[in-house]
Structure formats: structure tokens, C-alpha cells
Amino acid sequence: MTAEAGVALMVVTTATFAASDSVVKVIGTAVPLTAILLGRYIFQAIALGAWQARGGISRFRHVGTLKLQVLRAFLLLLNSACTFAGLRLLALPVSTSLAMMAPLISTLLAATLLNEEVSKAKWSMVTLGFIGMLIVVRPGSGEFSWAVAFPIGAATTFACFQVVSSKLSTSGDPVTTNFYTALIASIALASLLWVDQATLLPAIREVTAGSWLLVILMASLATSGHLLMLQALRRTPLAVLTPFGYAQLAFATFFSWLLFGKVPDLWTVAGMIVIAVSGIGTMFMHARPRAQ
């Protein structure tokens with residue numbers, strides 16, 4: 001029953017992340033990107049800090065080297081910035097599908113930067129994934145937008161983020177690690193706000209109370225999604241959960257229809273399916289050697 005509970009939690013996680021992305025798209029340009037990011041990470045730092053504080057100060061120890069923590073935070077911050085920028089400019093399902101190419105990019109990074117041996121089967125999955133990407137973005141067509149660079153950038157930074165996270169996975173409680181990630185990101189964003197206050201503060205002062213409530217909603221959904229995913233991983237192996245992670249594409253399509261009255265065309269749906277198949281195949285191939 002534990003494994004089934006993990007799968008159910010993973011599906012809820014994908015719905016939560018899709019809902020969070022939908023709120024970002026609803027916010028649009030009403031709130032400066034820096035303010036959205038700052039609200040998102042301050043909320044996560046406070047929520048996770050309060051959660052861990054219940055167990056005493058010892059819960060905040062043993063979290064790996066400071067250098068890796070800072071690198072992890074900046075990678076996730078870049079990932080969020082690329083994701084939010086992409087959501088402002090692209091349809092929700094398109095942005096989501098391109099951002100979910102992270103497993104394929106992880107394979108490329110392993111081969112090119114870490115000199116890991118990559119099998120022909122894995123290369124075939126990578127090739128299939130990039131074919132899916134081309135189907136979605138259709139360069140040269142009237143549907144193409146250079147804004148696709150943002151979700152592709154999000155996928156790339158998330159792939160790097162996963163590499164760093166794997167180095168920290170044995171260094172302590174993942175909730176504590178996520179707390180420090182949010183804290184470092186909040187400090188970085190607050191510093192940026194202080195440096196560029198002449199430009200950013202006037203724009204922030206114009207944000208309405210309703211827009212700030214949407215930022216809080218987005219931040220609470222994103223933080224809840226991370227906590228739900230951690231609970232899912234404690235119950236069920238990653239290899240089992242991975243296919244269900246792509247349910248986020250279905251939820252993104254649903255929210256796009258529900259909130260914006262837009263549905264992807266057949267070419268986009270086909271590309272999304274190809275990306276999902278290649279991503280699932282890649283993750284299973286990564287998991288198989290560990291199982292053996």
C-alpha cells in the first residue's frame with residue numbers, strides 16, 4: 001500500500017506544480033519577476049524553517065558544504081526565473097513540456113562534462129526527445145517563438161540542479177537542504193532588490209493587493225509540491241514515480257483550457273507525448289543498472 005500511496009502523492013504533486021505554474025501565468029506582468037521570485041522563496045524559507053524548527057536546532061545541521069548549497073540555490077533560482085519568464089510568453093502546455101526535457105539534458109551533461117559512458121539506447125532516447133522538442137516548437141513555422149529558450153533553459157538548469165542535489169543527498173534531511181536553498185535564494189534576490197532599488201521598488205509599489213495574494217498562492221502551491229514530492233520519494237522508488245511525473249503535462253493542458261480557454265493543437269500534443277516517452281525511457285535506463 002505504501003508504493004501506491006507514493007504514486008498517488010506523485011500525481012497530486014504534478015497537479016500542484018501545474019496549478020502553481022498556472023497562477024504564475026495568471027499573474028503575468030502585473031508583478032515584477034524579481035518580486036515573484038522573492039515572494040516564492042521567502043515563503044518557502046519561512047514554511048520549511050518553521051517545519052524543521054519543531055525538531056530543534058539539530059534539524060538544521062549536516063547539510064553538506066556551503067559551496068554546494070550556494071550552487072544548488074543559484075541553479076534553482078535560475079530555473080525558476082527561466083520557468084516564470086517562459087510561462088509569461090508561451091502557452092502553459094508548451095512551456096511545461098519543454099521544461100520537462102531535464103532527464104535528456106542530464107544524459108547529455110553526463111556524456112559531455114562527466115565523461116560517463118552513454119549507451120546507444122540512451123542516445124536514442126535523447127534523439128527522440130529532441131525530435132519531440134522540434135515538433136513542439138516547430139522552428140520556421142508561424143507558431144515558433146524565440147521564447148522557447150526560457151523553458152529549455154529551465155530544463156538545462158534543472159538538470160544541473162539534479163547533479164548538485166545528488167551530491168548533497170547523503171548530507172542530511174532533504175527538507176533542511178530545501179530550506180537552505182530557499183534561504184540563500186531569498187538573500188540573493190533581496191540583495192538584487194537593494195542594488196537596483198531605484199528601478200524595482202517603484203514597480204513593486206504599484207502591485208495590487210490581489211496580485212500579492214496570487215504570489216502567496218503560487219508560493220504555497222510550489223512549496224507544497226516540493227513537500228509532497230519528498231513524501232512520495234520516501235514511499236516509492238524514483239524509477240516507479242518517474243512516469244507519473246509526466247502527468248504534469250495533462251494537468252498543464254487542463255489548467256490551460258480551464259483558465260485561459262486554450263488547448264494545444266495536435267502537433268503540440270504529439271510532441272509532448274514524444275518528450276514524455278523519451279524522458280520516461282531515459283529514467284528507466286538510468287535506474288536499471290542500480291537495480292542490477
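Within region 78-128, the set of residues being touching a Leu at 6+ places or on another chain (Cβ under 8 Å) and over 27 Å from residue 181 (Cβ atoms) comprises 93, 125, 126. Of the residues in region 5-26, at least one is surrounded by fewer than 19 Cβ atoms within 10 Å (Cβ to Cβ) and more than 20 Å from residue 234 (Cβ to Cβ).
Residues of region 42-61 include at least one that is among the small types (Gly, Ala, Ser) and assigned to a loop (DSSP other than H, G, I, E, B).
Annotation: of all residues in region 66-114 being among the hydroxyl-bearing types (Ser, Thr, Tyr) and touching a residue at least 12 places away in the same chain (Cβ under 8 Å), the one that is surrounded by the most Cβ atoms within 10 Å (Cβ to Cβ) is 97.
Residue 231 satisfies every condition listed in (1) closer than 19 Å to residue 173 by Cβ; (2) touching an Asp or Glu at 6+ places or on another chain (Cβ under 8 Å); (3) of a type outside the set (D, E, K, R) except (2).
Take residue 236 and tell me if it is of a type in the set (S, T, N, Q), in contact (Cβ under 8 Å) with a residue 40 or more places away in the chain, closer than 24 Å to residue 71 by Cα and crowded, with 17+ Cβ neighbours inside 10 Å. No. When the helices (runs of 4 or more DSSP H) confined to region 177-286 are screened for residues that are of a type in the set (Phe, Trp, Tyr), those reaching at least 3 such residues are found at 247-260.
Would you call residue 88 among the charged types (D, E, K, R) and over 30 Å from residue 257 (Cα atoms)? Spelling it out, it is not the case that residue 88 is among the charged types (D, E, K, R) and over 30 Å from residue 257 (Cα atoms). Whether any residue in region 7-28 is among the basic types (Lys, Arg) and closer than 30 Å to residue 92 by Cα is what I want to check. Looking through region 7-28, at least one residue is among the basic types (Lys, Arg) and closer than 30 Å to residue 92 by Cα.
Bear in mind these aren't lab numbers, they're just calculated from the coordinates by the rules spelled out. As the structure is a prediction and not an experimental result, all values here were calculated from the model. Please note: Cβ atoms are built from the backbone with ideal geometry, for glycine as well, and neighbour counts cover all protein chains shown.
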